[in-house]
Amino acid sequence: MNEMEEQVISLSEIFEALKKRWIMIVAITLTATIISGVLSFFVIDPVYETSTKVFVGKEESDATYNSSDINMYQQLLQTYAQAIQTKDLVNRAISGLNYDELEASTVVNSLTVTPISSTQILQIKYQSKNPEEAKDVLKSVTGEFIVTAKELVPNGNVRVIEEVELPENPVSPNKKMNIAIAFLLGLMVSVGLVFLLEYLDNTYKNKDQLEKELGIPVLGAIPDIESI
């Protein structure tokens, strides 16, 4: 019974603490949410992503495969993935584009090359703040890669099976996710701050709390008399 009473009192104290400082909780949570919304909608530049897929295999005139051929080309994907992400290849690819501010190192860092498991397909992605640039750069890099791949493996065949498209919607920032996370963080921080302030507050609010802490009854109390 005592444990039940202590639990009820504890929950009651928590509720009272939250109730007493509810304005602070709302203010902090709302502020965090608004800041996140402003940053997501008006400050952070949107990033666009486009992708393509290429098939790596034999020349079309010799398109029969055995298990060793398939294994070889699947392993070759790893080599090609590294070759695509080299500054020399990227420099050749962007040299003919009208994007003077582009640097090979920046393009390499924005490229993602992924060999699709158990296939002979290589997926290439590129991200940029400019959707037109994203499309042009990836298309040029893919074309330069096909030329380079032919030099590396003369009897190999690399062809595009999914064309590069102009990205319409940005992949980041995720506005809804950012706002939701900011709301939860603001709520957690504000509630945590309420508990911290309650912990630091060592004053007694009423006689029941005093009796509970000291274990002795209160014999009398001085009333709070408003001044006339």
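Restricting the range 171-194 to residues that are free of Cβ contacts under 8 Å to residues at least 60 places away in the same chain and among the aliphatic types (A, V, I, L, M) leaves a set whose member that is nearest to E49 (Cα to Cα) is M177. Checking each residue in the range 145-191 for being aromatic (F, W, Y) and within 30 Å of K20 (Cβ to Cβ) picks out only F183.
Please verify whether S110 is of a type in the set (G, A, S), over 19 Å from K53 (Cα atoms) and within 26 Å of the chain's Cα centre (by Cα), treating the condition exactly as stated. No; evaluated as a whole, the condition is false for this residue. Using the structure shown, decide if P131 is closer than 20 Å to G57 by Cβ, out of contact with any His (no Cβ under 7 Å at 6 or more places or on another chain) and not hydroxyl-bearing (S, T, Y). No; evaluated as a whole, the condition is false for this residue. For the condition of a type in the set (A, V, I, L, M, F, W, C), open to solvent by less than 40 Å² (accessible area, probe 1.4 Å) and not in a loop (DSSP other than H, G, I, E, B), V158 qualifies. Is it true that T142 is farther than 30 Å from I23 by Cβ and either of a type in the set (D, E, K, R) or surrounded by fewer than 19 Cβ atoms within 10 Å (Cβ to Cβ) (or both)? So T142 does not fit the description; no.
The values are calculated or read from the model by the stated rules, or taken from the named source; none is laboratory data. Not measured: the values here are computed from a predicted model. Glycine gets a Cβ as well: all are built from the backbone with ideal geometry, and neighbour counts include every protein chain shown. With ligands, DNA and RNA removed, areas are computed over all heavy atoms of the protein, side chains included. Shrake-Rupley method; radii C 1.70, N 1.55, O 1.52, S 1.80 Å.
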